[in-house]
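Written below as structure tokens is the structure these notes are about.
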Amino acid sequence: MLWDIERRKREVLSSEANIYSAYFIEESDAFLWQGLDNIVRVQRVTGEVIEEFEHFPTYGHVMDSTLSNYLASDIDWNIFHGHGEAMRPVMQDGISPSFQGSGKILKITLSEEGRKFVSAGLGDRESPSIEEVAAVAPERRFSNYTGVTLWDLDTFQPIAMLPGNSYKVDATISPDGQWVVSGDENTLGFFWKTDSPETRYRMASYDHGIFREGLPEGLQEDEYWDESHLIAVPKSTKADKWGNTRSLATPTTIAIAFINGSEEFLRIGYAHDDGEGMSRTYAALFEAGNPWPQAYLDLGRNPFPSVNNYSRNLSIDSAPEANLLVTGQAFDGGINVYRYDPETRTLTKEWVGR
Amino acid sequence: MSDTLAPPVLQPSRSSPTGDSMPAHCCVSVTVLIEHRDTLGRPLPAGTEVELCDIGRQTYRARIDADGISRHEGVTPGKVAWQLLGREGQHLVAVDDVPCDPRWAAAAPPECDVAADETSLRAVYLPPPIGINLREEAAPEASDRLSDEQLEQLRLAGNNATLFLHGYNVAYGSYRHFAGWEQRDGVTDRPLLVPSGSARVATIRQDTDGLTIPLPPGPGRNHAISPFSANPEQVEGMINGSGAHNWYVHMEYRLNRAAGMTDDDWRPYTRIVGIAWPGDTGAVDFFQAELNAMAAGRRLVALLAQLHDAGIAINVISHSLGARVILTALNILGEQGQRQVLDNLYLWQPAVADNALVDDPSQDSHPLGMGVFPEAHKAVRKVVVLHSQEDGILGPPRSETPDFWQRIRDRITTPLQLGRWVGGVVLANDQVDELIGSAGGAYGKKWWVFPIGLAGPITQYYVDKAPAHTVRPPIPSQPPAGPDPYGRERAARGWQAFRELAIQEARDALASGEALPTYRLLAPLAHHAVISEASAARYIDSLEALVKRQWRAGKTPRAALGHIGFGAVRVENRFIERKLGDKAYDFVDQTSWLFDHSGMRIPSDEIFEKSYQEGVVRPLIRDSGFGDYEPI
């Protein structure tokens, strides 16, 4: 489906498309999609097909604006560059974790400006270094590279693994290539400056602030936490099953997307539709390089955004320069389009495409 | 199963001097030397008897010598097969470096060519299974620890131990037998050697597919007319063991498969340490099962200490109420000042409160202090909780969860209603009973939500232990007349006596000098190493208060950790949030794929991949070790 946000129209491109294959090329009117016939099309919004080629069924793929660098992930979360005869592995070091195992798509984001890209699958609290383990080692069973990894967009070699997250992790690189930001299923958020990836910064816990790492055991619990810049988390109007009001912004992260150039991003929680006044659809707004949530912005529940299923994590994406966020819908095939206003720091649902 | 019965092509490592194979009718005989080792390179114990069978179905017995070799003389040239006698669990996995599936080898042992004058063969077997029995009927003390051979086995197999603790209502059970050649579909020829005795005892998991096992004649079954075959569930019971042993074979097999072993080559197969404990108290007495779990946890301390002292890395996987066993042991170790005795603890569908791992006893919602294990976190490096809101046993299904608890709360707004609710443990047709029953599945057993199910079992537990007029309050005279018409004075005297008995028990235990004395009146506090006199008095105070409130708990009940994970507790408790942030606690939310409390025993492909492979084994191998499987 091609959605025209300005004219609020849609066009059916195919009724037999790989649901994980929709991708817009940066600063371009061209996009990628793959049919169930496994043909990948590079196509303009005008309908002109620039290129088409046969490929393995992709579970996430990207292309840069030169149209010469094509990266695709397969079902086992291996990444390949190019296609056909020219295809070569970038990351191929095991069959686990995988799409089937984790139930999420390996996320790949590019920064053409910074000539880097980031992949994010299943986070590891700790990882070996890129010197210790090869990114291409097809004989392996358990992968080392499926956490958050920073790559060079010219050499397609790893720059660094960025460990710290736990289980399903989403991460993205800022359009200018300066920052990598991550959030995971187990509520941990981190960020890194790409010029010094060995230093990891921790985002504040929404409820408790910044955890001060490395302190000895046995202190008062408050001493482990910096809550100096915490802001109030929106609470439910109704009591939950424990009889308590609950936070409506969950740090259990399904997606992270830059919303205002490379300045600000949204961290979007995984949630089910628990009814009016109960659903955790507030996204946290962060500034790049700042660990503190700046605001909590509601994505609403009519229709409920596609935050209820990790296998649809790629259905949440943004156009950072246009301040646009788009999500799928949890129970329908349409899209929710939100526009962010950097002045007022508010998010408005601009269109529900059906 | 993709296996075929064809034995591997095995060549004698030494043929006759001429290189010719001898015709069977030749009078020349062969000396067959078999070197027997386990997958860890150890020769099998000297003295083990080996029975070899030649093409004439003549048998030749010999004993394994100090070098692990059995020598069989006078054998007819041609094919031979053999079995070990009296060595349970040592299944054949390779001959002359060619792997064989031990389950097929047990049905039809590989047949190897032998030729004059002498033929040497090298046989490799799995090391035996390792089990520890913490049930009351098992022999005390000695059996709580591993033998030197078992320790050596763990040392050689990667210097790590993976302990498995089964859940509630699991009997001790036993291993069963390998499916025989005649039970395997498509096999018509009798093998040279049909294993017997210990060689038939199956300590590894078998596939139920491809087997036809006739059921013995029974009422309505006449084999002469219509043979009945066991269905897959019955086959499962016949071949894969019962009770705790059924869990061991499944868990051990899946862990190995998840680590990368294939059915074609069992040589990397790593034995776990199966721990049996008495959780089979009947479907209704969860409280007694909890006490049993804590008693077993006290005994488990010795094993953990033994492994720790031996420098063997310890990882534990518990299912359901098995969590209480290991958390008791860890809490005790933590209280004793032990640090990080365990590498990783995987709590699979833990039947403990969602705040069981907080460090602050005041957070306990359990009125008797059984809910939290405040020191447990100190004795383990990392705790991973595998939970599912679709468990069905630990809580209502997710779709019904939000208003289920609200409805429970609504129903118990008055003490009178509460009394009826608690009475509902024994009285049918109670409103709440109905409500809980409607919440689906085995949740109707209602052993999880406190205080349902607590009043009855506690009263029962103390029936022959507590003084009169305590847990069973005095019945007022009708009409109220005479001295002490409401029994208040009798109750006060009873509780005072009870308190003194409890204090005396605590005092005696302290005086005994034992590190882990056995408690009777204070058994609900058995997750503490030693109980002070003050704690004993406080416990009786709590119990008295509870009885006086008609068993009404002072705090809202907690959901099960195996149901909701850390989701709720992390918001209210900074310690939990810190541990989650500091990689000491972690969790796997299996809600979208685990729909059954025990669904991991015989897992779907999805459970295997998501829970076993990515949730347990990959991090286990990376963080610590499982056998000799490759770490990074």
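FYI, it's all coordinate maths here, none of it is from the lab. A quick note: this is a predicted structure, and the numbers were derived from the prediction, not measured. All Cβ positions, glycine included, derive from the backbone under ideal geometry; neighbour counts span all protein chains shown.
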In region B:124-180, GluC sites (Glu not before Pro) in a DSSP loop with at most 14 other beta-carbon atoms within 10 Å:
B:E136, B:E137
Among residues other than B:V372 whose Cβ falls under 9 Å from its Cβ, what is the net charge (Lys/Arg +1, Asp/Glu -1)?
-3
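By count of other Cβ within 10 Å, fewest leading, how are B:Y168, B:Y486 ordered? Don't skip to the answer; put the middle values down first.
Details: B:Y168 24, B:Y486 13.
Ranked by crowding around the Cβ, least crowded first: B:Y486, B:Y168.
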Quick one: which of B:522-529, B:233-240, B:82-89, A:153-160 comes out on top by average Cβ neighbours within 10 Å, and what's the full order, highest first?
B:522-529, B:82-89, B:233-240, A:153-160
Alpha carbon centroid spacing (whole Å) that separates region A:276-354 from region A:4-25:
19
Got a sec? How would A:D152, B:D605, A:D298 order by Cβ neighbour count within 10 Å, fewest to most?
B:D605, A:D152, A:D298
Is region A:212-354 rounded, prolate or oblate when judged by the Cα gyration tensor, a ≥ b ≥ c being the square roots of its eigenvalues, rounded requiring a/c under 1.5 and prolate requiring a/b larger than b/c?
oblate
Once the Cβ-Cβ distance between B:Q460 and B:A497 is put in as r, and R0 is 30 Å, what FRET efficiency do you end up with, to the nearest 0.05?
0.90
Note down the nm distance, to one decimal, between modelled labels 7 Å out along Cα→Cβ at A:Q220 and at A:E263.
3.9
Charge dipole magnitude, Cβ of K and R +1, D and E -1 - the protein assembly as shown, Cα centre, debye nearest 20:
3460
Among A:P163, A:I256, A:Q178, pick out the residue whose Cα is farthest towards the positive end of the charge dipole of chain A, where Lys and Arg carry +1 and Asp and Glu carry -1 on C-beta, about the Cα centre.
A:I256
Expressed in angstrom and rounded, the centroid-to-centroid distance over alpha carbons for region A:157-204 and region B:44-105 is 57
What average number of partner chain Cβ atoms lie no more than 10 Å from the Cβ of the residues making up B:606-612?
3
Separation in nanometres of the label points that stand 7 Å from Cα toward Cβ, at A:R354 and A:D332:
0.4
Under a Cβ-Cβ cut-off of 13 Å, what is the net charge of the residues other than A:W33 that fall near it, where Lys and Arg count +1 and Asp and Glu count -1?
-3
Express in nm, to one decimal, how much length is gained between B:S532 and B:K555 on full extension, taking 0.36 nm for each residue of separation and deducting their alpha carbon distance.
5.8 nm
Could you pull out the GluC sites (Glu not before Pro) across region B:484-514 that fall in loop regions by DSSP (anything but H, G, I, E, B) with no more than 14 other Cβ atoms inside 10 Å?
B:E514
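Which of the GluC sites (Glu not before Pro) across region A:271-351 are loop residues per DSSP, with 13 or fewer other Cβ within 10 Å?
Numbers: sites: A:E276, A:E287, A:E321, A:E343, A:E350; in loops: A:E276, A:E343.
Those that pass, being in a loop and sparsely packed, are A:E276, A:E343.
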Find which of B:A107, B:S120, B:T31 sits farthest along the positive direction of the dipole of region B:30-125, computed with +1 on the beta-carbon of Lys and Arg, -1 on that of Asp and Glu, about the Cα centre.
B:A107
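Could you calculate the FRET efficiency of B:D360 with B:L156 from 1/(1 + (r/R0)^6), where r is the beta carbon distance between them and R0 is 60 Å, rounded to 0.05? Don't skip to the end; give the middle numbers.
Numbers: r = 42 Å, r/R0 = 0.70.
Efficiency computed from Cβ-Cβ geometry: 0.90.
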Testing the spin-label approximation: label points 7 Å from Cα along Cα→Cβ at A:T237 and A:D37. State their distance in nm.
5.2
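Apply the a/c threshold of 1.5 to the C-alpha gyration tensor of chain A and tell me whether it is rounded, prolate or oblate.
Values: a/c = 1.75, a/b = 1.18, b/c = 1.48.
Oblate, because a/c is 1.5 or more while a/b does not exceed b/c.
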Taking θ = phi - 60°, what integer Hz values does the Karplus form 6.51 cos²θ - 1.76 cosθ + 1.60 yield along region A:91-97, in sequence order, with x for Gly and Pro?
10, 7, 9, x, 10, 9, x
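Taking the Cβ-Cβ separation of B:I55 and A:M87 as r and a Förster radius of 60 Å, what is the calculated FRET efficiency to the nearest 0.05?
On the way: r = 55 Å, r/R0 = 0.92.
Efficiency, from the Cβ-Cβ distance: 0.60.
Give me the percent relative contact order of region B:30-125, please, defined on Cα pairs under 8 angstrom at least 6 residues apart. Walk me through the numbers on the way to the answer.
Working: 218 pairs, mean separation 35.9, N = 96.
Relative contact order, region B:30-125: 37 percent.
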Tensor-based shape of region B:485-632 (alpha-carbon gyration tensor, a/c under 1.5 rounded, otherwise prolate or oblate)
prolate
Alpha carbon centre of region B:135-192 versus region B:234-304: separation in Å?
9
If you take the charge dipole of the protein assembly as shown about its Cα centre, with +1 on Lys and Arg Cβ and -1 on Asp and Glu Cβ, which of B:G186, B:L40, B:S362 is farthest toward its positive end?
B:S362
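What is the mean number of Cβ atoms from other protein chains located within 10 Å of the Cβ atom of each residue in peptide B:569-578, rounded to a whole number?
Details: counts 0, 7, 11, 3, 3, 10, 2, 1, 11, 9.
Average per residue, whole number: 6.
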